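Right, one structure below, let's go through it.
The values are calculated or read from the model by the stated rules, or taken from the named source; none is laboratory data. Everything numeric in this text was worked out from a predicted model, so none of it was measured. Using ideal geometry, Cβ is built from the backbone for each residue, glycine included, and neighbour counts are taken over all protein chains shown. Note: accessible area is taken over every heavy atom of the protein model, side chains too, but ligands, DNA and RNA are not part of it. Shrake-Rupley method; radii C 1.70, N 1.55, O 1.52, S 1.80 Å.
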Amino acid sequence: MVRRRQLFEGKAKVLFEGPEPGTLVAYFKDDASANNNQKQGVIIGKGVINNRISEYLMVRLGEVGIPTHFVRRLNMREQLVRAVEIIPFKVVVRNIVAGSLAERFGMEEGKPLPRSIVEFYFKDDVLGDPMVLEEHITAFGWSTPQEIDEIMSLSLRINDFLCGLFMGIGIKLVDFKIEFGRLWEEESMRIILADEISPDNCRLWDLKTSEKLDKDRFRQDLDRIEEAYQEVARRLGILPEGNPGDFQGPHLVQ
Ligand code: TMP
């Protein structure tokens, strides 16, 4: 086994120093947390599935010109990524009313939004990740107006692409959270997509039944949590059914 120097342990991932300069190894855990760590547990096999799902989505996004930190998957639970300077706010994109949006405005879950909403949240566990405005971000020097424009534009392109991709396998992309980083190459800097995209940070509902196929099953103490994650991977065609070489491609839904 390769010994790696641990740099950071988060709620769902551990980051290790990578084998080449400017790289990191992301290890996907089965640990799950919700409500800013008030609820903790384990979703068996989640790390393996999220490693695969995030790989698949990042590669597909890369194919349509979205720059991402993903380099390659190393094994069942680890992927090699580019080290970036993480931008200290999260981006949430919403297409359908759910979660904190439903709570904040007393709206019923499930109502499609007339246009997608993009929100920013400051990454701070102690403060419980408060929502922030562009004004806070620029006033506190977390990002420039030009970077925010780039982040907005990338987020909406990611949303359009992922909505179509999930629609094709019978899933509604209700909302999701993404993170970005700065990649420095000599004198120039690019904003790239970082972290992961998986059922941990997306709301994914079955197109016909609106059954939840994401971490809300854990947040809301529903049953069949593992099965929901497996179902997303299965529909994406990335859950090996016989042996690990049996990749079948997405299961298109008519
Ligand atoms: P919310 O409705 O709880 O604000 O979450 C919106 C979406 O973003 C949902 O898919 C969960 C995801 N999310 C995270 O994964 N991590 C976060 O810290 C936040 C605020 C949201």
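Output ³J(HN,Hα) for the stretch 34-40: one whole-Hz value per residue in order, computed from phi by the Karplus curve 6.51 cos²θ - 1.76 cosθ + 1.60 with θ = phi - 60°, and x for Gly and Pro.
Karplus values, whole Hz, x for Gly and Pro: 8, 6, 6, 6, 5, 10, 10.
Which is the longest stretch in the chain that no exposed loop site breaks, taking sites as GluC sites (Glu not before Pro) with a DSSP loop state and at most 15 other Cβ atoms within 10 Å?
Between exposed loop sites, the widest span is 1-107.
Can you give the calculated 222 nm mean residue ellipticity of the chain, where each DSSP H run of n ≥ 4 adds -39,500 (n - 2.57) and the sum is split over every residue, rounded to the nearest 500 deg cm²/dmol?
Using -39500 (n - 2.57) per qualifying helix, the result is -8500 deg cm²/dmol.
If you take the square roots of the eigenvalues of the alpha-carbon gyration tensor of the chain and sort them as a ≥ b ≥ c, do you get rounded (a/c under 1.5), prolate (a/b over b/c) or oblate? Show your work: numbers first, answer last.
Details: a/c = 1.38, a/b = 1.05, b/c = 1.32.
Rounded shape, in that the Cα axes give a/c under 1.5.
In the structure displayed, which of LYS123/LYS208; LYS90/LYS208; LYS29/LYS123; LYS11/LYS208 lie more than 28 Å apart, Cα to Cα?
Numbers: LYS123/LYS208 35 Å; LYS90/LYS208 30 Å; LYS29/LYS123 20 Å; LYS11/LYS208 32 Å.
The pairs that break the limit, which is 28 Å between Cα atoms, are LYS123/LYS208; LYS90/LYS208; LYS11/LYS208.
Please work out how much accessible surface ARG224 shows to a 1.4 Å probe, ignoring ligands, DNA and RNA, in Å² rounded to 10.
120 Å²
Please get the size of the charge dipole for the stretch 101-169, origin at its Cα centre, with Cβ charges of +1 on Lys and Arg and -1 on Asp and Glu, quoted in debye to the nearest 20.
260 debye
For VAL25, VAL64, what's the largest-to-smallest order of accessible area, 1.4 Å probe?
Working: VAL25 0, VAL64 70 Å².
Highest to lowest solvent-accessible surface, that is VAL64, VAL25.
About the Cα centre of the stretch 1-117, what is the dipole size in debye to 20, counting +1 per Lys and Arg Cβ and -1 per Asp and Glu Cβ, all else neutral?
Numbers: 19 positive and 12 negative charges, 18 e Å.
Magnitude of the dipole: close to 80 debye.
When all protein chains stay in place, what accessible area (Å², nearest 10, 1.4 Å probe) is found for LYS11?
For LYS11, the solvent-accessible surface is approximately 80 Å².
Take TYR121, TYR27 and sort them by solvent-accessible surface of the protein heavy atoms, 1.4 Å probe, largest at the top.
The most accessible residue leads, giving TYR27, TYR121.
So what does ARG234 come to for accessible area, using a 1.4 Å probe and Å² rounded to 10?
Solvent-accessible area, nearest 10 Å²: 80 Å².
Using unit Cβ charges (K, R positive; D, E negative) and no other charged atoms, how large, in debye to the nearest 20, is the dipole of the chain about its Cα centre?
Charge dipole of the chain: 520 debye, to the nearest 20.
List the residue ranges in the chain for DSSP H helices whose C-alpha atoms run 18 angstrom or more along the long axis and whose Kyte-Doolittle average is 0.0 or above.
Numbers: long enough: 46-63 (25 Å, -0.16); 145-167 (33 Å, 0.50).
Answer set is 145-167.
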